[in-house]
Amino acid sequence: DIQLTQSPSFLSASVGDRVTITCRASQGISNFLAWFQQKPGKAPKLLIYAASTLQTGVPSRFSGSGSGTEFTLTISSLQPEDFATYYCQLLYSYPLTFGQGTRLEIK
Amino acid sequence: EVQLVESGGGLVQPGGSLRLSCAASGFTFSDHYMEWVRQAPGKGLEWVGRSRNKANSYSTEYAASVKGRFTISRDESKNSLYLQMNSLKTEDTAVYYCARDLDTNWFDPWGQGTLVTVSS
């Protein structure tokens, strides 16, 4: 199975900050990677697919990049509604593994 | 509007069975891959399994942790996805979500989830 390592596990930042979350795959997965946002008590929401394609309706301050084994999710200027947990997911092969999550909190 | 509504969760004893349902609307159900994902209390997301679309004979894939115990099926006439869970273990306790695939990947949207508690 391909492993995904997401970092950091926890991130404290302020409104207006630029933040980056990283996801590393144990072997190459081309661009078969997605990013999700989850708020407490809610279902996950797709932000980015195919590593860098912004899902319809997602603000442009979110961006994704990478290919192969290293991927990043960047939020260019944090807004209050962005404080949540973020997950990456590989869709290259089974099992369709999620990263461990990054909890983004207000500093 | 695409909508997914899960139901069927509840409290079940270890070794017991439960069937979850996911009612889909707002899209052509037979055209899309569908997924089950779970989240144990306070933990991360775990993919459970997949049902491919009609063009792929609704074939299925499962996570190793549930293979042989869980079965995914569909009823096209009811636009519904099911997760039959047998031989339940305490570690199966989680919120179970269904999700539609945008293409043959990319889970979007998700339902609101249904809680399954396995406990004596």
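The values are calculated or read from the model by the stated rules, or taken from the named source; none is laboratory data. Since the model is a prediction, treat every value here as computed from it, not as a measurement. Note that we place each Cβ from the backbone using ideal geometry, even for glycine, and neighbour counts take in every protein chain shown. Accessible surface is based on the protein model in full, side chains and every heavy atom, while ligands, DNA and RNA are left aside. Shrake-Rupley method; radii C 1.70, N 1.55, O 1.52, S 1.80 Å.
Numbers for the structure displayed
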quantity: Condition check for A:ILE106: among the hydrophobic types (A, V, I, L, M, F, W, C), open to solvent by 50 Å² or more (accessible area, probe 1.4 Å) and more than 14 Å from chain B (Cβ to nearest Cβ); calculated: yes
quantity: Condition met for B:TRP110 (under 14 Å from the mean Cα position of the chain (by Cα) and in contact (Cβ under 8 Å) with a residue 40 or more places away in the chain); calculated: yes
quantity: Tally, over the range A:22-33, of residues that are away from chain B (no Cβ under 14 Å) and assigned to a strand (DSSP E or B); calculated: 3
quantity: Candidate set: the range B:47-66, residues that are open to solvent by less than 40 Å² (accessible area, probe 1.4 Å) and in a strand (DSSP E or B); chosen: the one nearest to the other protein chains (Cβ to nearest Cβ); calculated: B:TRP47
quantity: Extreme residue, nearest to A:ILE2 (Cα to Cα), among residues of the range B:40-84 that are free of Cβ contacts under 8 Å to residues at least 40 places away in the same chain and among the acidic types (Asp, Glu); calculated: B:GLU61
quantity: Odd one out for B:LYS43, checked against (1) at pLDDT 95 or above; (2) within 20 Å of B:GLN3 (Cα to Cα); (3) open to solvent by 20 Å² or more (accessible area, probe 1.4 Å); (4) at the interface with chain A (Cβ under 10 Å from one of its Cβ atoms); calculated: (2)
quantity: In the range A:46-68, residue nearest to the other protein chains (Cβ to nearest Cβ) [restricted to those that are touching a strand residue (DSSP E or B) at 6+ places or on another chain (Cβ under 8 Å) and among the polar types (S, T, N, Q)]; calculated: A:GLN55
quantity: Test for A:VAL19: is it more than 21 Å from B:VAL48 (Cα to Cα), free of Cβ contacts under 8 Å to residues at least 40 places away in the same chain and of a type in the set (A, V, I, L, M); calculated: no
quantity: Of all residues in the range B:67-102 being in a loop (DSSP other than H, G, I, E, B) and either away from chain A (no Cβ under 14 Å) or closer than 18 Å to B:GLY113 by Cα (or both), the one that is least open to solvent (accessible area, probe 1.4 Å); calculated: B:LEU88
quantity: Residue selected from the range A:34-45 under the condition more than 10 Å from chain B (Cβ to nearest Cβ) and open to solvent by less than 50 Å² (accessible area, probe 1.4 Å), by the criterion nearest to B:ASP101 (Cα to Cα); calculated: A:TRP35
quantity: Check on B:VAL37, away from every other protein chain (no Cβ under 14 Å), touching a Leu at 6+ places or on another chain (Cβ under 6 Å), closer than 28 Å to A:LEU4 by Cβ and open to solvent by less than 10 Å² (accessible area, probe 1.4 Å); calculated: no
quantity: Breaking point among (1) touching a Leu at 6+ places or on another chain (Cβ under 8 Å); (2) open to solvent by 20 Å² or more (accessible area, probe 1.4 Å); (3) under 15 Å from A:PRO95 (Cβ atoms), for B:PHE107; calculated: (2)
quantity: Candidates B:ARG69, B:ARG52, B:ARG100 - the one that is more than 13 Å from B:LEU20 (Cβ to Cβ), modelled with pLDDT of 95 or more and touching a Leu at 6+ places or on another chain (Cβ under 7 Å); calculated: B:ARG100
